[in-house]
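Written below as structure tokens is the structure these notes are about.
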Amino acid sequence: MSDSASLVARRRQFAIEVIERLRSFGYQALFAGGCVRDLLMGREPSDFDVATDARPEEILPMFRRVCEVGAVFGVVRVVGPPGVGEVEVATFRSDGAYLDGRRPESVVFSSPEEDASRRDFTINGMFYDPIQDTVIDHVGGRADLDAKVIRAIGDPFARFREDKLRLLRAARFAARFGFSIEAETWSALRAMAPEVGVVSVERIAQELEKMLTHPSRSKGYGLVRDAGLLDAILPMSARAAELEGSWERTLRILAALPERVDFATALAAAWIDWGRIETRRIGATGAAEYPGHAECAARLARLGGRTLRLSNETIARTSRLLEFQEALWAAPELSDAQLKRLLIIDEIDDLFTLHRAEARATGRDPAPLDWAERYRIEQPRGPLDPPPLLTGHDLKQAGLRPGPKFAEWLDAVRTAQLDGAIATREEAMALVERLRGE
Ligand code: ATP
Ligand code: MG
């Protein structure tokens with residue numbers, strides 16, 4: 001058994017022990033929600049949630065290590081053995097009125113049937129009894145799972161109106177599982193999409209990250225756009241229509257990324273044309289030109305990243321990848337110093353990934369990428385990042401007075417070194433002397 005499979009088995013075992021404990025006190029207890037869906041699909045659940053008719057104050061004394069973070073909402077966390085994590089035990093409940101478009105004002109403890117009907121989609125609304133091995137399905141989840149359909153439980157308009165996060169969840173689940181969205185659910189989703197802004201930016205960004213870091217990212221991004229969600233979240237995305245073929249190209253690049261990429265790389269692919277959209281103009285020859293589009297994309301990505309309140313690191317990485325989105329195509333024409341400086345940036349692996357995806361998606365000739373990759377590995381013109389020949393300290397030792405010129409000289413020395421024009425300290429000092437003379 002692989003490590004992850006054995007971990008899932010241990011978590012499942014611990015969740016079953018929790019269920020047995022609840023039952024030994026005479027309560028009902030079942031697996032609920034996403035884990036039931038995953039088990040029925042033959043997927044590894046990320047966590048096992050338990051639903052019960054016991055109240056939080058009744059659950060708490062049954063277990064040695066518990067955490068009552070969500071007790072007002074009827075949620076208690078039972079802490080498992082080291083490495084196994086926690087199992088969420090939630091009292092069957094129905095939600096009170098939703099006043100803020102996101103969370104219920106109150107909850108009422110209730111039956112499994114009512115608990116199922118407060119959940120978002122039918123495939124997420126089932127229970128499973130792991131001891132009897134039976135599925136308890138009050139919402140038709142099983143049939144929708146077989147038909148590969150995302151369907152809101154109850155009236156889709158009402159359900160999206162209650163909690164607008166569900167708009168994004170619908171798209172994410174459809175993409176993740178390759179399911180379609182049932183017609184009425186889809187109509188409601190499209191109608192309600194402009195209101196997604198009531199969801200906190202942080203939650204929106206979290207959903208976007210889950211969607212874009214999943215291998216189904218192209219389908220997910222396509223769905224959020226077709227639903228009208230993307231326009232509501234990021235106005236810049238709405239402008240893709242200004243550039244003929246851009247949207248299709250972007251989706252193809254997203255689809256051509258490897259299965260696993262980080263959020264920044266996926267975002268860079270999703271936003272790859274932002275600079276072209278902004279800088280497009282018709283040149284003297286009548287052909288479209290995009291002067292400075294890469295730098296422009298990098299700037300727009302910083303704005304987009306700040307709008308979504310992404311981490312500084314994600315913003316910086318995304319904008320760097322966009323800033324250098326043309327760099328590797330031109331690798332064979334760069335000087336050694338330029339190329340070496342490019343090949344040592346932190347984002348270089350992801351930059352290759354992004355270029356490769358573009359080559360696969362658009363048919364752009366990958367020869368310059370192959371060439372740069374070989375250069376990077378074989379380093380035919382000396383190491384990419386050799387120890388510097390001179391430092392500021394050396395210049396001071398040589399009796400030069402520190403000043404703004406220092407950085408300029410050292411940079412010139414570094415360039416000459418990387419180009420292979422000089423190789424020793426003496427040659428470096430001679431170069432500085434020459435520059436001083438000029
Ligand atoms: P994942 O694998 O992404 O964790 P999940 O279905 O387990 O998927 P969670 O966010 O962990 O999703 O939620 C667990 C369950 O709680 C869901 O399956 C669903 O029944 C219910 N749920 C979660 N969020 C909502 C929501 N916004 N509205 C209604 N029900 C929800
Ligand atoms: Mg879950």
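The values are calculated or read from the model by the stated rules, or taken from the named source; none is laboratory data. This is a predicted model, so every value here is computed, not measured. Cβ coordinates were reconstructed from backbone atoms using ideal geometry, including for glycine residues, and neighbour counts include every protein chain displayed. Only protein heavy atoms, including side chains, enter the accessible area calculation; ligands, DNA and RNA are left aside. Shrake-Rupley method; radii C 1.70, N 1.55, O 1.52, S 1.80 Å.
Things to note:
- With all protein chains in place and ligands, DNA and RNA left out, the 1.4 Å accessible area ranks 115, 100, 133 as 133, 100, 115, largest first.
- To put it simply, the accessible area of the chain at a 1.4 Å probe is 49 percent carbon and sulfur.
- Label-point gap, in nm, between residue 100 and residue 311 - each point 7 angstrom along Cα→Cβ: 2.6
- For the chain, average projected area of the Cα convex hull in nm²: 29.0
- Ranking 98, 375 by solvent-accessible area of protein heavy atoms (1.4 Å probe, all protein chains present), from largest to smallest, gives 98, 375.
- In straight-distance terms, cross-link reach from residue 210 covers every one of the lysines whose alpha-carbon lies under 25 Å from its own, apart from those fewer than eight places away in the same chain; here that gives 148, 164, 219.
- Per-residue SASA entry for residue 62, accessible area with 1.4 Å probe, Å² rounded to 10: 10
- Between residue 69 and residue 241, full extension at 0.36 nm per residue minus the direct alpha carbon distance yields a gain of 57.4 nm.
- Relative contact order of the chain: 8 percent, from C-alpha pairs under 8 Å at least 6 residues apart in sequence.
- GluC sites (Glu not before Pro) restricted to DSSP loop in segment 1-90 with at most 13 other C-beta within 10 Å: none
- Under the shape rule built on the C-alpha gyration tensor, where the axes satisfy a ≥ b ≥ c, segment 11-158 is oblate, since a/c reaches at least 1.5 while a/b does not exceed b/c.
- Sequence-distant contacts, meaning Cα pairs under 8 Å at least 6 residues apart, place the relative contact order of segment 275-320 at 32 percent.
- Annotation for segment 50-87: trypsin sites (Lys or Arg not before Pro) lying in DSSP loop with at most 13 further Cβ atoms inside 10 Å of their Cβ are 64, 65.
- Annotation: extensible slack from residue 203 through residue 346 equals 48.7 nm (criterion: 0.36 nm per residue apart, minus Cα-Cα distance).
- The residues of the chain expose on average 48 square angstrom of accessible surface per residue, using a 1.4 Å probe on protein heavy atoms.
- Relative packing of peptides 31-43, 165-177 - highest average C-beta neighbours within 10 Å first: 165-177, 31-43
- Alpha-carbon radius of gyration plus Dmax, which is the widest Cα pair, for segment 195-307 in Å: 14.3, 47
- Distance between the 7 Å Cα→Cβ label points at residue 113 and residue 407: 7.3 nm.
- Segment 81-137: trypsin sites (Lys or Arg not before Pro) in DSSP coil with no more than 15 other Cβ atoms inside 10 Å: 102
- Rounded if a/c under 1.5, otherwise prolate or oblate - segment 292-438, Cα gyration tensor axes: oblate
- The residues 84, 201, sorted by heavy-atom accessible surface at 1.4 Å with ligands and nucleic acids left out, run 201, 84 from largest to smallest.
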